[in-house]
Structures are given as C-alpha cells and as structure tokens.
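A.B. asks: One structure is given below, represented as structure tokens, and several questions about it will come after.
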Amino acid sequence: MKETVWKIKKFEDLTTEELYQILKARVDVFVVEQNCPYPELDDYDQEAVHLWAEKNGEVISYCRIFDIDIKYSEASIGRVLTKINYRHLKLGSVLMRLALATIEGRFGTRKVRISAQDYLLNFYQSFGFRDTGKKYLEDDIPHTEMFKNE
C-alpha cells in the first residue's frame, strides 16, 4: 500500500480525476455519512485552493481554502473532512496545520473565519479558533461561526 501524499492545487490545476475524487469524498462524508442532502456544488470551488491527502488515488482528508473577501472578509477554510476509515490517523490535525500555513503563506494573513459543525468546536479551538457566539442551523446541522485572529 502506498504512503499518504499531500496535494494542494487551485481549481484550474486539478485533473478531472482529482476533482472527481474530491467531490466523491465530500459526498461520502457530508451527504451519505451525515445523511444530509445539501447543494454540494455551490460555485465556490472555482475560487478555492484545494488541499488534500491521497492514498492509492483516493482522497482521504480534504479542505478548501479561501482568500480574503470570498466567503468572509477574512480568509476561510471549509468542507473539512477525513473519511471515516482514516480518522484514527489524525489527518485532520495535519490538514488544519497545513491549511493555516497555506493561508499565511499565500494570502499573508492569520485572520481566519470558519463555519464549524458544533461537534467539532473543541477540535477547532485547539488551533486557536474562538466561538463568535453566532450559532445557526446549516442544512439541519448545528453550526457555530468561529474566528482566529493570530
């Protein structure tokens, strides 16, 4: 079995196979596992930097990263996932560290705003995100807006 390979690409640099594997992973986690039909194709992928871990051609951990003034007035990270069979590897922590380093390196900021599923609040707090107090349902899943300013 091959090692885990990390990749980062802008939308226009993705191969069709990479895009397919990214969308498959997102649907597997957010639609099937969480039993949540939602508009997966939201016209933001084209403006994102895509960061993922791949094993044997399968996307196993992923997020998309946005520059300032795309999703929020700050940079942001979204669609954060690790497929269920790989969560024991703690790839989510590596993914978040890489995403935050990418934001600082590419966009020159440490200010990041995210929309976090509530069951992951402690996970995001461990990276310096703070609860803004803005709580809401997104696709019937409780979310909290979080902000990191350092």
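The values are calculated or read from the model by the stated rules, or taken from the named source; none is laboratory data. As the structure is a prediction and not an experimental result, all values here were calculated from the model. Using ideal geometry, Cβ is built from the backbone for each residue, glycine included, and neighbour counts are taken over all protein chains shown.
A.B. asks: Could you list all residues from segment 42-87 that are at positive phi and either assigned to a strand (DSSP E or B) or buried (at least 19 other Cβ atoms within 10 Å of the Cβ) (or both)?
C.D. replies: Taking segment 42-87 and keeping what is at positive phi, we get 43, 56-57, 69, 79.
Listed by number, the list holds a single entry, Arg79.
A.B. asks: Okay, next question. I need the full set of residues from segment 95-122 which are of a type in the set (A, V, I, L, M) and either over 19 Å from His50 (Cβ atoms) or out of contact with any Phe, Trp or Tyr (no Cβ under 8 Å at 6 or more places or on another chain) (or both), in order please.
C.D. replies: So in segment 95-122, the residues of a type in the set (A, V, I, L, M) come out as 95-96, 98-101, 103, 112, 114, 116, 120-121.
Result: Ala99, Ala101, Ile103, Ala116, Leu120, Leu121.
A.B. asks: Looking at segment 85-92, can you tell me whether even one residue there is farther than 22 Å from Gln21 by Cα, without any contact (Cβ under 8 Å) to a residue 60 or more places away in the chain and more than 15 Å from the chain's Cα centre (by Cα)? Steps first, answer last, please.
C.D. replies: Residues of segment 85-92 that are farther than 22 Å from Gln21 by Cα, as a first pass: none.
Within segment 85-92, not a single residue is farther than 22 Å from Gln21 by Cα, without any contact (Cβ under 8 Å) to a residue 60 or more places away in the chain and more than 15 Å from the chain's Cα centre (by Cα).
A.B. asks: Another question about this same structure. Would you point out the residue of segment 15-37, among those that are at pLDDT below 95 and within 16 Å of Ala116 (Cα to Cα), that is surrounded by the fewest Cβ atoms within 10 Å (Cβ to Cβ)?
C.D. replies: By that ranking, first place goes to Cys36.
A.B. asks: Additional query: Take the conditions crowded, with 17+ Cβ neighbours inside 10 Å, among the small types (Gly, Ala, Ser) and modelled with pLDDT of 95 or more and apply them to Ala101. Does it pass?
C.D. replies: Numbers: crowded, with 17+ Cβ neighbours inside 10 Å: no; among the small types (Gly, Ala, Ser): yes; modelled with pLDDT of 95 or more: yes.
Taking the combined requirement at face value, the residue does not satisfy it.
A.B. asks: Since Ala101 meets every condition but one in (1) touching a residue at least 12 places away in the same chain (Cβ under 8 Å); (2) not in a strand (DSSP E or B), which condition does it not meet?
C.D. replies: (1)
A.B. asks: Given the residues Tyr62, Tyr72, which is the only one that is of a type outside the set (Lys, Arg), touching a His at 6+ places or on another chain (Cβ under 9 Å) and modelled with pLDDT of 95 or more? Walk me through it before giving the result.
C.D. replies: On the way: Tyr72 fails: touching a His at 6+ places or on another chain (Cβ under 9 Å).
Result: Tyr62 is the single residue among Tyr62, Tyr72 that is of a type outside the set (Lys, Arg), touching a His at 6+ places or on another chain (Cβ under 9 Å) and modelled with pLDDT of 95 or more.
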